[in-house]
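The structure under discussion appears below in the form of structure tokens.
The values are calculated or read from the model by the stated rules, or taken from the named source; none is laboratory data. Note that the structure is a prediction, hence the values are computed from the model and not measured. Here the Cβ is made from the backbone with ideal geometry for all residues, glycine too, and neighbour counts use every protein chain on show. All accessible areas refer to the heavy atoms of the entire protein, side chains included, with ligands and DNA or RNA removed. Shrake-Rupley method; radii C 1.70, N 1.55, O 1.52, S 1.80 Å.
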Amino acid sequence: MIVARITTLALSLLICAFQVDGKLRRFPDGFSFGVATASYQIEGGWNASDKSESIWDTFTHNSNYKILDGSSGDVACDSYHLYKRDVEMVAELGVDFYRFSMSWSRLMPDGYELSKDGVKYYNDLINELLKHKIQPVVTLFHWDLPQWLQQLGGWSNSLTAKHFQRYARSAFELFGDRVKMWLTVNEPQVFCLHGYGKGLKAPGLDMNGFAEYLCGHTMLKAHAKVYHLYDQVFKKKQKGRVGLTLNASWQQASSNSSNDREAAQRVLEFELGWFANPIFSKCGDYPKIMKDRILWKSQEQGYTESRLPIFTKEELEEIKGSYDFFGLNHYTTRMVKEKSNKSVASKPSFSNDVEVDDYFESDWKESASVWLRVVPWGFQKLLNWIKDSYDNPEVIIFENGFSDREGIDDVDRVQYYRDYLNYLLDAIDDGCNVSAYTAWSLMDNFEWNKGYSERFGLYYVDYNSTIKKRTPKASAHYFKNIVKTKSIEKI
Ligand code: GBH
């Protein structure tokens, strides 16, 4: 331990020395920094007080589904009890805001009545943050849907949008005097595709080619309803902002041929455009390429209608423009080329609807996650694509980070942040309107299907200790310095 401490110290001194020598680049005035977590990944207390079960409780407790290390978020980082230590860490980092999510089933166990203890927990957390002058940024839905709602079809039932609105209204009423930034949903594309299409994540439905589109349809409607609710009822008094955060990798065409470039564009439209186009584009609605392809494939497969649902005119209008900023989660890049032997699959699927071949370049540095390679230049390209596709909206980065299996000497994470933040600054130089940056994650936590085997934290969590001891890694010292100086060494 002592040796580890000394190495960290040496490492942070080295980082500082490097910064003094190297050329420094400054972040724009007013640029802010934060760190992020999500309820199911850190809280534990899965059955504390009157909390009801969420789909992640059900999913992890059912051995038919696979969490790599057989673990669950039952205890996780125990933030339900240790939130004061979490806030202390956020304060140590000196960041402007802390992005966390609320557990719907903790706050409103049956969807109607509030839980006293649930309300108290989030009040305590918010007040503790404000005591340290840290702004709370709240995600209302980061994947842990109440199980009773799943019983009714979850996000494939459009009535879930109404339930979501009721939950959001309570959150605004309870906490809106102190919370000034709200995210309705986190990464609807991943949630719907993995949870309803591929069956990899909770609720574990593998109704590929259908249910992910139903899920996304309801989520877009739910997001817009909550946006307008805030806008009409709360905004004037509470003066906060509402948006959502979308995931996107950069998709690099493997050649300059029009086939490969179209293939890369298609993936961007299916991954990011699926949710961004209805909200952020001038015309609204799903991207044309999605509507055309899914209709065409559906017909070829013998369906009378498209497997992609259709919005009414009113819905389109309600969804279009339902944002105060563009939230983005970004980690990595893929190479894309046109599929060599295209075919209409008899069994529909999202990936057959997109239909490309993709791969990583072999010299892209690996992380602990198979899906995450270090490709910092992709960040700049993606931000420019967003600028050009959606008329240069204000972008807030709500997640960016690196996974390893290391302890506190996380040199690769330090490098990842250094390189990605440099390309972020390049994007700002290109004219991209990025106003804030959030590191994922404050600390190691329950990494969904990978359990505790992959670590994303700036703080190391010792899961074997009863107090789930948190220790700053080299990257925490490094990030703290960036926040403090508002600058970073040029690479
Ligand atoms: C985010 O998703 C989540 O918002 C956050 O909760 C999570 O902890 C963090 O990233 C790190 O993963 O199983 O090989 O098919 C990031 C986007 C998309 C990354 C789905 C993992 C699964 C790839 N995620 N992807 S695979």
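Considering every residue within segment 410-423, establish whether at least one is touching a Lys or Arg at 6+ places or on another chain (Cβ under 6 Å), under 23 Å from SER249 (Cβ atoms) and within 16 Å of the ligand (Cβ to nearest atom).
Within segment 410-423, the first condition is being touching a Lys or Arg at 6+ places or on another chain (Cβ under 6 Å), and the residues that meet it are 410.
Going one step further and asking which of them are under 23 Å from SER249 (Cβ atoms), we end up with 410.
Now drop any that are not within 16 Å of the ligand (Cβ to nearest atom), which leaves 410.
There is at least one residue in segment 410-423 that is touching a Lys or Arg at 6+ places or on another chain (Cβ under 6 Å), under 23 Å from SER249 (Cβ atoms) and within 16 Å of the ligand (Cβ to nearest atom).
Pairs, please: C-beta under 8 Å, at least 6 apart or cross-chain, first residue within 23 Å of ASN464 (Cβ to Cβ) and among the charged types (D, E, K, R) and in segment 62-76, second open to solvent by less than 50 Å² (accessible area, probe 1.4 Å) and assigned to a loop (DSSP other than H, G, I, E, B)?
Close Cβ pairs (under 8 Å, with a partner that is open to solvent by less than 50 Å² (accessible area, probe 1.4 Å) and assigned to a loop (DSSP other than H, G, I, E, B)) amount to ASP69/GLY451; ASP69/TYR452; ASP69/SER453; ASP74/GLY44.
Counting only residues that are buried (at least 16 other Cβ atoms within 10 Å of the Cβ) and modelled with pLDDT of 95 or more, how many does segment 59-73 have?
Count: 6.
Checking SER369 against (1) in contact with a Ser or Thr (Cβ under 6 Å, 6 or more places away or on another chain); (2) within 17 Å of GLU262 (Cα to Cα), which single condition isn't satisfied?
Failed condition: (2).
Here is a yes/no grid of residues against (1) modelled with pLDDT under 95; (2) polar (S, T, N, Q); (3) over 21 Å from the mean Cα position of the chain (by Cα); (4) open to solvent by less than 10 Å² (accessible area, probe 1.4 Å):
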residue	(1), (2), (3), (4)
SER369	no, yes, no, yes
LEU372	no, no, no, yes
VAL395	no, no, no, yes
PHE398	no, no, no, yes
ILE408	no, no, yes, no
ARG413	no, no, no, yes
TYR416	no, no, no, yes
ALA427	no, no, no, yes
ASP430	no, no, yes, no
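Any idea which of (1) more than 25 Å from LYS66 (Cα to Cα); (2) assigned to a helix (DSSP H, G or I); (3) in contact with a Lys or Arg (Cβ under 8 Å, 6 or more places away or on another chain) is the one GLY431 doesn't satisfy?
So GLY431 meets the others, but not (2).
Here are THR184, THR218: which of them is open to solvent by less than 10 Å² (accessible area, probe 1.4 Å), touching a Leu at 6+ places or on another chain (Cβ under 8 Å) and of a type in the set (Ser, Thr, Tyr)? Lay out the reasoning, then the answer.
On the way: THR218 fails: touching a Leu at 6+ places or on another chain (Cβ under 8 Å).
None of the other options fit; the residue is THR184.
I'm told ARG178 meets every condition in (1) more than 28 Å from SER32 (Cα to Cα); (2) in contact with a helix residue (DSSP H, G or I) (Cβ under 6 Å, 6 or more places away or on another chain) except one. Can you identify the failing condition by its number?
(1)
ALA476 - would you say it is touching a residue at least 24 places away in the same chain (Cβ under 8 Å), in contact with a strand residue (DSSP E or B) (Cβ under 8 Å, 6 or more places away or on another chain), crowded, with 24+ Cβ neighbours inside 10 Å and over 30 Å from GLY195 (Cα atoms)?
When the stated conditions are applied, ALA476 passes them.
For a quick check of your reading: which helices (runs of 4 or more DSSP H) sit entirely within segment 187-261 and have at least 2 residues that are within 19 Å of the chain's Cα centre (by Cα)? If you could, list the steps in order and put the result at the bottom.
Numbers: elements: 188-192, 211-229, 235-238.
Of the helices (runs of 4 or more DSSP H) lying wholly inside segment 187-261, those with at least 2 residues that are within 19 Å of the chain's Cα centre (by Cα) span 188-192, 211-229.
With the structure loaded, tell me whether GLY302 is among the small types (Gly, Ala, Ser), surrounded by fewer than 21 Cβ atoms within 10 Å (Cβ to Cβ), out of contact with any Cys (no Cβ under 6 Å at 6 or more places or on another chain) and without any contact (Cβ under 8 Å) to a residue 24 or more places away in the chain or whether it fails that test.
On the way: among the small types (Gly, Ala, Ser): yes; surrounded by fewer than 21 Cβ atoms within 10 Å (Cβ to Cβ): yes; out of contact with any Cys (no Cβ under 6 Å at 6 or more places or on another chain): yes; without any contact (Cβ under 8 Å) to a residue 24 or more places away in the chain: yes.
So GLY302 fits the description; yes.
Restricting to segment 224-257, give me the number of residues that are touching a Ser or Thr at 6+ places or on another chain (Cβ under 6 Å), within 16 Å of the ligand (Cβ to nearest atom) and either β-branched (Val, Ile, Thr) or open to solvent by less than 10 Å² (accessible area, probe 1.4 Å) (or both).
Result for segment 224-257: 1.
Against the conditions (1) more than 16 Å from the ligand (Cβ to nearest atom); (2) assigned to a loop (DSSP other than H, G, I, E, B); (3) touching a residue at least 40 places away in the same chain (Cβ under 8 Å), where does ASN464 fall short? Just the number, please.
(3)
Taking GLY153 as meeting all but one of (1) in contact with a Ser or Thr (Cβ under 8 Å, 6 or more places away or on another chain); (2) touching a residue at least 12 places away in the same chain (Cβ under 8 Å); (3) away from the ligand (no atom under 16 Å from the Cβ), write down the number of the exception.
Of (1) in contact with a Ser or Thr (Cβ under 8 Å, 6 or more places away or on another chain); (2) touching a residue at least 12 places away in the same chain (Cβ under 8 Å); (3) away from the ligand (no atom under 16 Å from the Cβ), only one is false for GLY153: (2).
Which condition from (1) surrounded by 22 or more Cβ atoms within 10 Å (Cβ to Cβ); (2) within 16 Å of the ligand (Cβ to nearest atom) is the one that ASP206 breaks?
So ASP206 meets the others, but not (1).
Wholly within segment 265-359, which helices (runs of 4 or more DSSP H) include no fewer than the required count, namely at least 2 residues that are in contact with a helix residue (DSSP H, G or I) (Cβ under 8 Å, 6 or more places away or on another chain), more than 29 Å from GLY401 (Cβ to Cβ) and of a type outside the set (A, V, I, L, M)? So that I can check it myself, show each step before the final result.
Values: elements: 274-280, 288-300, 313-319, 350-354.
So the answer is 288-300, 313-319, 350-354.
Of all residues in segment 360-381, count the ones that are assigned to a loop (DSSP other than H, G, I, E, B), out of contact with any strand residue (DSSP E or B) (no Cβ under 8 Å at 6 or more places or on another chain) and away from the ligand (no atom under 15 Å from the Cβ).
Adding up the residues that qualify gives 3.
Give all pairs with beta carbons closer than 6 Å in which a residue from segment 161-174 that is at positive phi meets a residue that is at pLDDT 95 or above and of a type outside the set (A, V, I, L, M, F, W, C); count only pairs at least 6 apart in sequence or on separate chains.
Pairs found: none.
What helices (runs of 4 or more DSSP H) completely inside segment 86-170 contain at least 2 residues that are open to solvent by 10 Å² or more (accessible area, probe 1.4 Å)?
Fully inside segment 86-170 and qualifying: 116-131, 147-151.
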